[in-house]
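Working notes, structure below.
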Amino acid sequence: SKVIQEFLKLKTMRFKCKNTSENGCQETLDEEAMILHETECIYRLVKCPYIGCESEVPFRFHELFQHMEVNKQFWIHKGLKEIKCKISELHLDSGKFCTTPCKIDFDAKTFFSIFRAKKGVFCHWIHFLGSSIEAKKYAYTLEYNNDVNECKMGKLTFTGQVVPIDETADSIQADHNCLSVTFGFFKSHFINKDRKFIYSVKIRNLKEEAKDENVESGISDNE
């Protein structure tokens, strides 16, 4: 049967990674395995998550962190309960700014807390130094405290899924895949007279939480 012959040929066919020719990957796999590999390939091209980066050229995934480290494009969050930020008077007036990413280590993985204000909108998200498949395992919660008015409106809380490094700042905002509020609202309620604002971030491993829930309910992984 020609149909069976073509099917068997497809099952045994080997494919080269799309990152082979220019970027250096030498992997060859069957079709299904290659689809998975290309999402995680260390030779895939990604842009620097630091919005102020002057390089317009994307980097190989496995070289990105070194680029950021050499150029001091992040600062390290050392497990403090709250993260404090201050913006300049010029940026406060213009409503346009971005800050150096805050590197957060969790679950032996690297995350970056990133925010920017642009075109009257303040956005904040957590970038994950990993693939889109791995990113599905992690969620985060941002919490801002009202530190401005005596008549406080309480807290601003947002929960979302971490964003893989393959996504750019523009695509994240276009897809509304982040905390997004008008800058005027954010300025009025969360930036104090010293031009400072404070927030906390919590990252969670959804897969581990699901396991814990199964254990508490007496359900095994096979059920």
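The values are calculated or read from the model by the stated rules, or taken from the named source; none is laboratory data. Because the structure is predicted, anything quoted here is derived from the model rather than measured. FYI the Cβ positions are ideal-geometry reconstructions off the backbone, even for glycines, and counts take in every protein chain you see. We work out accessible area using only protein heavy atoms, side chains counted, and drop any ligands, DNA or RNA first. Shrake-Rupley method; radii C 1.70, N 1.55, O 1.52, S 1.80 Å.
Solvent exposure of LEU206, expressed as accessible area, is near 60 Å², computed with a probe of 1.4 Å over the protein chains only. Note on exposure: THR100, THR110 ranked by accessible area (1.4 Å probe, complete protein assembly) read THR100, THR110, with the most exposed listed first. Once the C-beta distance of ARG195 and ASN71 is scaled by a Förster radius of 22 Å, the resulting FRET efficiency is 0.25 to the nearest 0.05.
In the elastic network of the chain, a GNM with C-alpha springs shorter than 10 Å, the most mobile of ASN19, ASN145, ASN71 is ASN71. With all protein chains kept in place, the per residue accessible area of segment 68-165 amounts to 53 square angstrom at a probe of 1.4 angstrom.
For the chain, what is the calculated [θ] at 222 nm in deg cm²/dmol (nearest 500), taking -39500 (n - 2.57) for each run of four or more DSSP H residues and dividing by its residue count? All intermediate terms of the calculation are to be shown ahead of the outcome.
Values: 8 runs with 67 residues, N = 223.
After summing the helix terms and dividing by the residues of the chain, the value is -8000 deg cm²/dmol.
At 1.4 Å probe size, with the rest of the protein present, what percent of the exposed accessible area of the chain is carbon and sulfur atoms? Before the final figure, lay out each step's value.
Working: 7010 of 13760 Å².
Carbon-and-sulfur percentage of accessible area, whole number: 51.
Think of the chain as having a plus end and a minus end, set by charges on the Cβ of Lys, Arg, Asp and Glu; of MET13, SER94, CYS123, SER94 sits farthest toward the positive end of this dipole. Rounded to the nearest whole Hz, the Karplus-based 3J(HN,Hα) values (6.51 cos²θ - 1.76 cosθ + 1.60, θ = phi - 60°) of segment 57-66 follow the sequence 8, x, 10, 4, 3, 6, 9, 5, 4, 4, with x at glycine and proline.
The modelled label-to-label distance for the pair PHE185/ALA210, using points 7 Å beyond Cα in the direction of Cβ, is 3.2 nm. When the convex hull of the Cα atoms of segment 33-132 is projected onto a plane and the area is averaged over all directions, what value comes out in nm²? So the Cα hull casts an average projection of 8.1 nm². Between the helical axis of 206-217 and the longest alpha-carbon principal axis of the chain there is an angle of about 90 degrees.
Please give the charge dipole size of the chain, origin at the Cα centre, charges +1 on K and R Cβ atoms and -1 on D and E Cβ atoms. Round to the nearest 20 debye. Numbers along the way, then the final one.
Values: 32 positive and 33 negative charges, 154 e Å.
Here the size comes out at about 740 debye.
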